[in-house]
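> Got a structure for you, questions after.
The values are calculated or read from the model by the stated rules, or taken from the named source; none is laboratory data. The shown structure was predicted, so the numbers you read here are calculated from the model rather than taken from an experiment. In this analysis, Cβ positions are derived from the backbone assuming ideal geometry, glycine residues included, and neighbour counts consider all displayed protein chains. In case anyone asks, the SASA skips ligands and DNA or RNA and just uses the protein heavy atoms, side chains included. Shrake-Rupley method; radii C 1.70, N 1.55, O 1.52, S 1.80 Å.
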Amino acid sequence: MSINFKKSYKFAVKSAFYIALFAAGLVAILLHFFFEINYAFLTAFTIAIFLFSFFVLQFRVEKFIYKRVKKIYDDVSLLDATTLRNKPITTDMATLTHDVQKFAKEKKIEIEMLKVREEYRREFLGNVSHELKTPLFTVQGYLSTLLDGAMNDKSIRKKYLERAEKGVERLISIVKDLDMISKLETGDLNLNFTRFNIVDVIQNVFDLLEMKADQKNIMLMFDMKYTKPIYVYADQEKIEQVLTNLIMNSIKYGREKGTTEVSIENLTNQKVIVRITDNGEGIKSQHVPRLFERFFRVDKSGSRAEGGSGLGLSIVKHIIEAHNEKIYVESKYGFGSEFSFTLEKAK
């Protein structure tokens, strides 16, 4: 079994051996010319010189390297000073190089993450500003017009006040959605888990959005006739909101005389998967990874024309994840999209 010495020990052993060999040779020569050679004395002297040299070199090297390596660690904040005190510093430059490279790699990753977060923060603040600014300026414009004299005309007054009210409603909707996302992220929004029939909930959403779908001649339908109830265990109100947001999106971006189809399938013995499929315009592949970001819109002008806070899909994702479930999206540009999510079966 081979014994692995630290590199500082190898350095000290070799150096001590060279010093001892030199000292022994010198003493042997001096004894040869001036005295009689005593091999016992020569052996003891060599061992003594070797041990003395080894410990002096090892101690001095560790102190020497410790001061300089500690300064490097302190300069780059690689390790705490307490960590260094708890273990000896050696001449193992490979270990030092590895630690510094590891530090550099971690810092590079950290910097890249900070750049991504900073970019996201700037984009998020810009989106929030834009979303709030539009209805605010709208409300301000109508109210200013009324204050400038249009208030005296009853028909204009009513019309402008109604439009201002819609702007305020949109502001309230954005604030409510942001508040919900914040609560979902921090875990402050409590979910009320109950046993309910998911088929009935989907039918309720169909009834709620029927008029909206009729405006674009879009048919809302199940993939088959569900004669038996399918019970799941979740927060019924929140799952209804998820379904409303997803089906509303399929109507917004669906094509005229298109379809929105909902199916419920057994995924495992404990899970079902709900699929919402449309034959609308679809989503380009480069946009799919960002779909669930706050305020992200594939078609900014068209999306804003359709209304909404721009937070619907982000809320959907947070609600599903709060249930410890998964949400998926598949889309082919020009052919349609499918959003699906899992739910736990009720016992």
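> Please name all residue pairs, on different chains or six or more residues apart, with Cβ atoms under 7 Å, provided the first residue is in the stretch 240-252 and is closer than 16 Å to Glu338 by Cβ and the second residue is of a type in the set (Ser, Thr, Tyr).
Sorted first by the residue in the stretch 240-252, then by its partner, the pairs are Ile247/Thr260; Ser250/Thr260; Ile251/Thr260.
> Just one of the numbered conditions (1) among the acidic types (Asp, Glu); (2) surrounded by fewer than 19 Cβ atoms within 10 Å (Cβ to Cβ); (3) under 26 Å from Leu311 (Cβ atoms) is not true of Asp235; which one?
Result: Asp235 passes all but (2).
> Let me ask you something else. Tell me, which residue of the stretch 168-199 that is in contact with a strand residue (DSSP E or B) (Cβ under 7 Å, 6 or more places away or on another chain) and open to solvent by 50 Å² or more (accessible area, probe 1.4 Å) is nearest to Leu132 (Cα to Cα)?
The extreme case among them is Asn192.
> Step by step: first the residues of the stretch 316-338, then only those that are part of a strand (DSSP E or B) and open to solvent by less than 20 Å² (accessible area, probe 1.4 Å), then the one that is nearest to Ile181 (Cα to Cα). Which residue is that? Outline the logic, then answer.
Step one: list which residues in the stretch 316-338 are part of a strand (DSSP E or B), which gives 327-332, 336-338.
After this cut, where a residue has to be open to solvent by less than 20 Å² (accessible area, probe 1.4 Å) as well, the list is 336-337.
Values: Gly336: 27, Ser337: 24 Å.
The qualifying residue nearest to Ile181 (Cα to Cα) is Ser337.
> Among the residues of the stretch 145-167, is any in contact (Cβ under 8 Å) with a residue 60 or more places away in the chain and either in contact with a Pro (Cβ under 7 Å, 6 or more places away or on another chain) or small (Gly, Ala, Ser) (or both)? Write out each step before concluding.
Residues of the stretch 145-167 that are in contact (Cβ under 8 Å) with a residue 60 or more places away in the chain, as a first pass: none.
Checked the stretch 145-167: no residue is in contact (Cβ under 8 Å) with a residue 60 or more places away in the chain and either in contact with a Pro (Cβ under 7 Å, 6 or more places away or on another chain) or small (Gly, Ala, Ser) (or both).
> Return the residues of the stretch 137-162 that are loosely packed, with under 15 Cβ neighbours inside 10 Å and closer than 30 Å to Gly312 by Cβ; say none if nothing qualifies.
Of everything in the stretch 137-162, those that are loosely packed, with under 15 Cβ neighbours inside 10 Å and closer than 30 Å to Gly312 by Cβ turn out to be Phe137, Gln140, Gly141, Lys159, Leu161, Glu162.
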